[in-house]
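The values are calculated or read from the model by the stated rules, or taken from the named source; none is laboratory data. Treat the numbers as computed from the prediction; the structure is a model and nothing was measured. All Cβ positions, glycine included, derive from the backbone under ideal geometry; neighbour counts span all protein chains shown. We work out accessible area using only protein heavy atoms, side chains counted, and drop any ligands, DNA or RNA first. Shrake-Rupley method; radii C 1.70, N 1.55, O 1.52, S 1.80 Å.
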Amino acid sequence: MEDLKFNHYRNLISEFLTKVSIDSLITKHGINLSEMCFDSTDELNIAFIGQYSAGKSSLIKGLTGLNDILIGSGVTTDTVNKYHYKELVIWDTPGILAGKREQHDEASFAAMDQADLLIYVITNELFDDVVGAAFRDLCVAKGREKEILLVINKSQSDSGTTETKLNSIAEVLEPKIPEDFPIVFVDAESYFEALDEEDINDKQELIALSNIEGFIEAIDCFSQDRGLLGRVTTPLALLHTKLTELLERLA
């Protein structure tokens, strides 16, 4: 059944791209629609994106169990790195909109267009104005709200309740509401502290506080529920960016 749906949606989008390619402006200005094809045998690509130092690499390390992923409080990711987890390809991207590393922004925004699904990571400090605007652009301008799982990391770094934090991000999510998004709270630091803890009770308490199991379950459910949608709409996300760039050049 999933293959039938995929083939149906693929044909619809392929027909659309074929019609678009007729416009001479598309080829004249260097937009190659053949780069936007997709195949049912392609692996599902999920990009972890979001704030600088939000813990994206730490979360991927906790998810995959790979010990060679570098984590820390500084800049640990300056290129897009890819890892395998089950049947998925997990993309670790540099932090966006830090204001100092434009090449990081370029790599991350390109990954957003190319990945099938997005894991948008923020911290307990939630959205600032700049990152909030980037999130809304993804949801509203690019229409990718159904392909985003919102992860709030470092959830144990303050005493705020889940309800309080959801209320705080509601304004950023407008015209959507928090209930429109799959959202998971996690604390990667607590999880890695648990790995080094010798006392079994303290270890279990830290693991429970980290919600690493809920985080992994959220990733698994998200990829299963939204994977088909993400794979068939990826070419459209890339086309949207290309056309936006074209309009800016023509203006």
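Residues in segment 69-93 that are assigned to a loop (DSSP other than H, G, I, E, B), modelled with pLDDT of 85 or more and not aliphatic (A, V, I, L, M): Lys86, Glu87, Thr93. Candidates are the residues of segment 195-215 that are open to solvent by 50 Å² or more (accessible area, probe 1.4 Å) and touching a residue at least 24 places away in the same chain (Cβ under 8 Å); the one that is farthest from Gly62 (Cα to Cα) is Leu209.
How many residues does segment 39-68 hold that are over 20 Å from Phe222 (Cα atoms) and either touching a Phe, Trp or Tyr at 6+ places or on another chain (Cβ under 9 Å) or at pLDDT 75 or above (or both)? Counting residues in segment 39-68 that are over 20 Å from Phe222 (Cα atoms) and either touching a Phe, Trp or Tyr at 6+ places or on another chain (Cβ under 9 Å) or at pLDDT 75 or above (or both) gives 7.
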